[in-house]
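Below: one structure, written as structure tokens.
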Amino acid sequence: MNITEDFINQFAGNPSVQSAGKALVVKNSFQELYAAADDSLIFGSCQGSGKNPYQCSADFSDPSKPIFRCSCPSRQIPCKHVAGLLYSKLLGKSFKPADIPEDILAKRSKAKERSEKKESRADEDPQNAEKNRRKAGTAAAKKCRKQLEGIDLAEKILKNIVSAGFYTIDRKNEELYLGQAKELGNYYIIGVQAALTELLAALSAARKSKDGDFTASIEAVNYLHALIKRARPYLNGKIADLEAKEPDYQPVSRDAALHSSIEEQLGHAWKLSELEEEGLYIQNAELLQVGFSVISDEAKKEFVDEGIWFCLTNGEIYLTKNLRPFKALKYIRADDTFFSVLVAGELYIYPGDKNPRVRWNNSMPLPVTADDLEKVKNSGAEDFTTVIKSVKNQIKNPLSDKSPIYALKVSRISTDAEGAYFIFDENGTSIPLRLDSLAPASSSPFAYLIKHLSRQQAEGQTLIARFGHDLAAEILYVVPIALIAAGKVVRFTY
């Protein structure tokens with residue numbers, strides 16, 4: 001197995017784990033280092049804080065899905081000891097040839113048995129399969145009815161908040177509504193529960209602000225109302241699908257589930273096996289990350305590591321989101337910037353809007369080539385008018401993402417008399433350019449990147465940008481994510 005820096009960054013993305021792993025190598029904490037003859041396993045012992053050395057290993061029996069193990073008590077996978085083991089290999093430390101330990105062979109055998117059982121279930125007798133399908137359908141229909149009960153409760157809470165008036169929601173009433181929102185967790189609609197919690201957080205923030213701006217609260221009400229309104233017919237249609245017995249019955253809810261975020265907005269966590277069954281995946285997809293940022297969501301008490309990826313295979317722009325609750329930060333590996341091309345053996349695509357979320361189980365890095373950047377450059381939309389129309393149609397839907405990401409072919413970049421920046425297409429159509437959603441680019445600490453781009457670098461190049469909507473000024477604007485210029489990627493979020 002060829003271990004590179006990108007490989008370690010991909011699987012040990014937490015910077016603290018990486019630095020701690022390197023430190024172990026520098027301090028010569030590894031007493032023994034071994035490698036299997038077929039290079040499918042490296043393992044060793046590392047002296048840690050405990051009395052006895054920790055036994056760690058990296059198993060590459062399936063190179064696309066490496067398995068990391070360590071006897072230390074850390075819940076981080078991989079832990080710093082495994083990261084140190086990988087760095088030992090990367091830095092050319094000496095590994096003695098050795099047989100694969102019996103415990104590793106036993107674990108491989110059990111994994112193989114699980115895989116064979118999964119395949120045998122796929123070859124299940126048709127009659128038994130149909131019986132199990134009907135049984136699962138009955139249980140799922142029962143869950144949908146419970147969800148409808150929760151939708152009724154959520155609507156009642158929302159009506160009480162709106163009818164009472166925003167200014168009447170003091171701290172005491174807020175705690176009452178938060179308690180009622182907590183009850184929604186019993187109805188399998190955690191997405192609705194989260195939306196109600198965010199509404200209450202927006203109301204609290206507006207009440208404490210000096211200007212008393214309830215714009216965010218109104219948007220939260222619109223979203224929750226639209227979700228409740230849409231959920232009822234969708235769930236009723238899903239119940240009809242699940243309980244249908246006619247062989248020629250045509251499902252009514254499947255299209256909505258696969259071409260929108262309704263299931264996820266209600267709180268459903270898609271399994272990769274479900275996405276695979278629905279054909280929502282691409283094999284051997286090549287992705288280039290064009291942006292990365294860490295967002296702090298105070299309402300949900302979590303960090304969101306957001307990666308923005310251009311798919312070289314089909315020209316689409318996808319998102320990855322790694323959620324890290326504040327209370328569990330030390331147990332969840334953080335994502336990080338990725339500079340190589342990532343080749344996903346199977347790229348799973350979640351149902352959604354313009355920029356759906358994706359995930360993969362196995363991958364490998366490749367160097368970025370000039371042809372890769374040319375693909376990104378050629379994908380830029382040349383007619384801003386068409387793009388703006390598409391964005392306006394999307395943001396009219398209360399349940400759609402209000403900040404879609406597009407690739408735009410930029411004819412020129414210029415400023416107005418006040419120093420605000422604009423991008424233009426070949427027809428002269430302009431879009432305001434901002435480095436954040438609150439201020440013109442000229443006041444941003446990243447403005448120098450725009451100011452110091454030469455005409456050759458900026459004009460005729462492709463800008464990956466996220467749209468935003470300034471309600472007060474009633475304008476659409478874009479926030480730059482990356483500029484594909486002069487054979488390189490100029491990243492504004494990394």
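Scanning the range 12-28 for residues that are in contact with a strand residue (DSSP E or B) (Cβ under 9 Å, 6 or more places away or on another chain) and surrounded by 19 or more Cβ atoms within 10 Å (Cβ to Cβ) yields a total of 2.
Within this structure, Glu243 fails the test of being farther than 23 Å from Lys375 by Cβ and either touching a Leu at 6+ places or on another chain (Cβ under 8 Å) or surrounded by 18 or more Cβ atoms within 10 Å (Cβ to Cβ) (or both). Taking into account only those residues within the range 381-393 that are in contact (Cβ under 8 Å) with a residue 60 or more places away in the chain and surrounded by 14 or more Cβ atoms within 10 Å (Cβ to Cβ), which is farthest from the chain's Cα centre (by Cα)? So the residue we want is Ile388.
Out of Ser163, Ser209, one residue alone is more than 23 Å from Asp297 (Cβ to Cβ) and not hydrophobic (A, V, I, L, M, F, W, C). It is Ser163. Number of residues in the range 369-380 that are surrounded by 15 or more Cβ atoms within 10 Å (Cβ to Cβ) and either under 22 Å from the mean Cα position of the chain (by Cα) or more than 30 Å from Pro66 (Cα to Cα) (or both) equals 5. Selection of first residues in the range 19-38 that are touching a residue at least 12 places away in the same chain (Cβ under 8 Å) and of second residues that are loosely packed, with under 13 Cβ neighbours inside 10 Å and part of a strand (DSSP E or B), restricted to Cβ pairs under 7 Å at least 6 apart or on distinct chains, gives the following pairs, ordered by first then second residue: Leu33/Lys96; Tyr34/Lys96; Ala35/Pro97; Ala37/Pro97. Contact map, the range 206-219: first residue in the same structural domain as Pro398 (by TED's automatic domain parsing), second residue at pLDDT below 85 and not β-branched (Val, Ile, Thr), Cβ cut-off under 7 Å, separation 6 or more or different chains; the map is empty.
Restricted to the range 271-314, and to residues there that are touching a Pro at 6+ places or on another chain (Cβ under 9 Å) and surrounded by fewer than 16 Cβ atoms within 10 Å (Cβ to Cβ), the residue that is nearest to Ser260 (Cα to Cα) is Glu278.
The values are calculated or read from the model by the stated rules, or taken from the named source; none is laboratory data. Note that this is a predicted model, so its numbers are computed, not measured. Reconstructed Cβ throughout: ideal geometry from the backbone, glycine too, with neighbour counts over all protein chains shown.
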